[in-house]
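Colleague: Sharing a structure here in structure tokens format.
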Amino acid sequence: PGTCPTLLAPLLRQLRRNDSQRWLTLIAPPSNLTQSWLREAGLNRERILLLHPRGEQSALQLAEEALKLGRSHTVVSWFHPLERAARQTLENAAREGAAQSLNISLG
């Protein structure tokens, strides 16, 4: 987890360049990935969303919804472990929204 921001910044910069019309969405990122971290990492915050589940909604449900809507080119999530059923849910939602789903496992 301590090296995650260092390794993640170049990946997010590359993903951000791939599609300027849709969002790069981060679902429930680790607490050290803040808006100020994104700015310091040289990421343009204009097309990056940081989303956190609210109320009864789970991070998986939020990621699924973000993928299905098709307004994000890539939805990045942090599930550990990512069970087979959850992976299938995200794959189906990504297909429906013509998006990419990227899960980072910090375990």
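Colleague: What number of residues within segment 42-56 are open to solvent by less than 60 Å² (accessible area, probe 1.4 Å) and closer than 27 Å to Pro81 by Cα?
Modeller: Residues flagged as open to solvent by less than 60 Å² (accessible area, probe 1.4 Å) and closer than 27 Å to Pro81 by Cα within segment 42-56 amount to 5.
Colleague: May I pose another question? With respect to the numbered conditions (1) over 19 Å from Leu106 (Cα atoms); (2) surrounded by 14 or more Cβ atoms within 10 Å (Cβ to Cβ); (3) over 14 Å from the mean Cα position of the chain (by Cα); (4) not charged (D, E, K, R), which one is the sole condition not fulfilled by Leu15?
Modeller: Only one criterion in (1) over 19 Å from Leu106 (Cα atoms); (2) surrounded by 14 or more Cβ atoms within 10 Å (Cβ to Cβ); (3) over 14 Å from the mean Cα position of the chain (by Cα); (4) not charged (D, E, K, R) is unmet by Leu15, namely (3).
Colleague: Taking Trp78 as the residue in question, decide whether it is within 16 Å of Ala9 (Cβ to Cβ), surrounded by 12 or more Cβ atoms within 10 Å (Cβ to Cβ) and touching a helix residue (DSSP H, G or I) at 6+ places or on another chain (Cβ under 7 Å).
Modeller: So Trp78 does not fit the description; no.
Colleague: Out of segment 83-99, which residues are of a type in the set (A, V, I, L, M, F, W, C), open to solvent by 40 Å² or more (accessible area, probe 1.4 Å) and assigned to a loop (DSSP other than H, G, I, E, B)?
Modeller: Ala98
The values are calculated or read from the model by the stated rules, or taken from the named source; none is laboratory data. Just so we're clear, the structure is a prediction, and the values are computed from it rather than from any experiment. Please note: Cβ atoms are built from the backbone with ideal geometry, for glycine as well, and neighbour counts cover all protein chains shown. What goes into the accessible areas is simple: the full protein's heavy atoms, side chains included, and nothing from ligands, DNA or RNA. Shrake-Rupley method; radii C 1.70, N 1.55, O 1.52, S 1.80 Å.
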